[in-house]
């Protein structure tokens, strides 16, 4: 018994130690003196909200960015900075959220990409590649055919192939960034079994996730970052869900309450959705109502089905079942064109890819959805178009030299206003905003939130999808929580602001985080 007890106290060797790492981008401190120690044989969770500094510290560890200060020790060697080659050489393996696999190649070709085994004649040895890949998958306890084409694999199998690729390069430290956001529950179990096996072999694993239930299931240790600073680093057993959320979100709220205005929701229900489910994904069951002049916030973890809901409502994704009732009439929305004619508009999540033609002028961007209105001939009615553009620039207070300026010359916040503006030009009744403040600075966020409340006051109905719970609290009248493709609960903002029970000492957005993490079980 005594001997066994002593072995528990043996400290595991340090795999990577990052000391006093600082990084600035212009005037913004992405990291301030952050120190993190990751040990071999440990699963180390790296936690924090968007913008906390997690991705910056991982880029520094991968050698993609150089720190402005601090040092990195791997084993007994110290470095001021790493390069991607050096990081790989020293055993740092990265498994990305957006896969880095080549879909048209086989599994084995991907596993050994850029480090292919050669025959005596200097040719790529396909047999050796398949054999060695099969060996790696066997050691991982996973069955994947090395000859399969990657594009034919499920998301979970692709994720495991990424890990095999890192292991083929003898990675001693594996970094997984949101690895489960697109996985099924069964695939998550397989991944977790593998991570436990790798931990037992002495690998160090850095695990980034927004899903707290996973962190408590898999991690040994947690490091929390907030606003570029280290908040705490301790064994996961020292945390409860409530204390961990408090560390991640902070005691002092980022006060966005100035954008909160009295509700302008009217009695009239403009949209009612019942038991809506997608053809592209099994399960899913969404029911809610939206009133004129109301802002309905939609919360949920990555992969909960929020963007899918937006796409179904806008005719971009086929509906398997359920009904959409618009202004009292049951309607089928089969295409974005039809959705626009019915008075809906969608501002998509990725504005650079889906929302703007960046090289074109502001005026050209605003014209796109309203070409029909700007003239019945093939030629756009220029005076009409200029007037529409100028009116929107004024109405949305877009900071711009002229309507001829290219969209990519503007700040993120002003680009986002143009995306919203071009859809407002179609004069919709219902505006669906998917992550409208992603990737823009706090000042621009405020402008977008203020605009949302103004539009509601003008009688527009708004569905506001966001991962930023503080924003949801500021801008919404009610908040619907999604989990696993279903809408599990709808809460009035006032209930979150004055609730009792175990969560009395939590702020409203922390209570909301608790509900989101627990998949809608009201606290």
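The values are calculated or read from the model by the stated rules, or taken from the named source; none is laboratory data. Since we're looking at a predicted model, the values are computed, not measured. With ideal geometry, Cβ positions are generated from the backbone for all residues, glycine too; neighbour counts draw on all protein chains shown.
Residues of the stretch 290-318 that are surrounded by fewer than 19 Cβ atoms within 10 Å (Cβ to Cβ) and touching a helix residue (DSSP H, G or I) at 6+ places or on another chain (Cβ under 9 Å): 316, 317, 318.
Of the helices (runs of 4 or more DSSP H) lying entirely inside the stretch 86-182, those containing at least 3 residues that are within 17 Å of residue 199 (Cα to Cα) are 126-140, 155-168. In the set (1) in contact with a helix residue (DSSP H, G or I) (Cβ under 8 Å, 6 or more places away or on another chain); (2) under 23 Å from residue 221 (Cα atoms), residue 84 fails one condition alone, (2). For residue 463, are the conditions met, namely being outside any loop (DSSP other than H, G, I, E, B), modelled with pLDDT of 85 or more and assigned by TED's automatic domain parsing to the domain that holds residue 272? So residue 463 does not fit the description; no.
Those residues that are at pLDDT 85 or above and in contact with a helix residue (DSSP H, G or I) (Cβ under 9 Å, 6 or more places away or on another chain), I need them from the stretch 489-511; list them, please.
We begin by selecting, within the stretch 489-511, every residue at pLDDT 85 or above; these are 489-492.
Correct list: 489, 491.
Confirm whether residue 392 is in contact with a helix residue (DSSP H, G or I) (Cβ under 6 Å, 6 or more places away or on another chain), at pLDDT 70 or above and either assigned to a helix (DSSP H, G or I) or farther than 26 Å from residue 318 by Cα (or both). Considered against the rule, which asks whether it is in contact with a helix residue (DSSP H, G or I) (Cβ under 6 Å, 6 or more places away or on another chain), at pLDDT 70 or above and either assigned to a helix (DSSP H, G or I) or farther than 26 Å from residue 318 by Cα (or both), residue 392 comes out as yes. What number of residues within the stretch 33-76 are out of contact with any strand residue (DSSP E or B) (no Cβ under 6 Å at 6 or more places or on another chain), in a loop (DSSP other than H, G, I, E, B) and more than 22 Å from residue 246 (Cα to Cα)? Matching residues across the stretch 33-76 total 7. Scanning the stretch 118-134 for residues that are loosely packed, with under 15 Cβ neighbours inside 10 Å and modelled with pLDDT under 90 yields 118, 119, 120, 121, 122, 123, 124, 127. Pick out the one residue from 309, 342, 302, 326 that is on the phi < 0 side of the Ramachandran plot and at pLDDT below 85. The conditions single out 302. When 138, 172 are checked against the criterion of being in the same structural domain as residue 206 (by TED's automatic domain parsing), crowded, with 16+ Cβ neighbours inside 10 Å, within 21 Å of residue 203 (Cα to Cα) and out of contact with any helix residue (DSSP H, G or I) (no Cβ under 9 Å at 6 or more places or on another chain), a single residue qualifies: 172. Screening the stretch 396-432 for residues that are in a loop (DSSP other than H, G, I, E, B) and closer than 18 Å to residue 343 by Cβ and picking the one that is modelled with the lowest pLDDT gives 425.
Taking the criterion of being modelled with pLDDT of 95 or more, more than 26 Å from the chain's Cα centre (by Cα) and surrounded by 22 or more Cβ atoms within 10 Å (Cβ to Cβ), would at least one residue in the stretch 90-113 satisfy it?
Step one: of the stretch 90-113, the residues modelled with pLDDT of 95 or more are none.
Looking for residues that are modelled with pLDDT of 95 or more, more than 26 Å from the chain's Cα centre (by Cα) and surrounded by 22 or more Cβ atoms within 10 Å (Cβ to Cβ), one finds none in the stretch 90-113, hence no.
Yes or no, residue by residue, for (1) surrounded by fewer than 18 Cβ atoms within 10 Å (Cβ to Cβ); (2) at negative phi; (3) in contact (Cβ under 8 Å) with a residue 60 or more places away in the chain:
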position	(1), (2), (3)
162	no, yes, yes
166	no, yes, yes
177	no, yes, yes
181	yes, yes, yes
187	no, yes, no
191	no, yes, no
195	no, yes, yes
203	no, yes, yes
209	no, yes, yes
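Checking 48, 26, 53 one by one, the residue that is at positive phi, within 26 Å of the chain's Cα centre (by Cα) and surrounded by fewer than 18 Cβ atoms within 10 Å (Cβ to Cβ) is 26 and no other.
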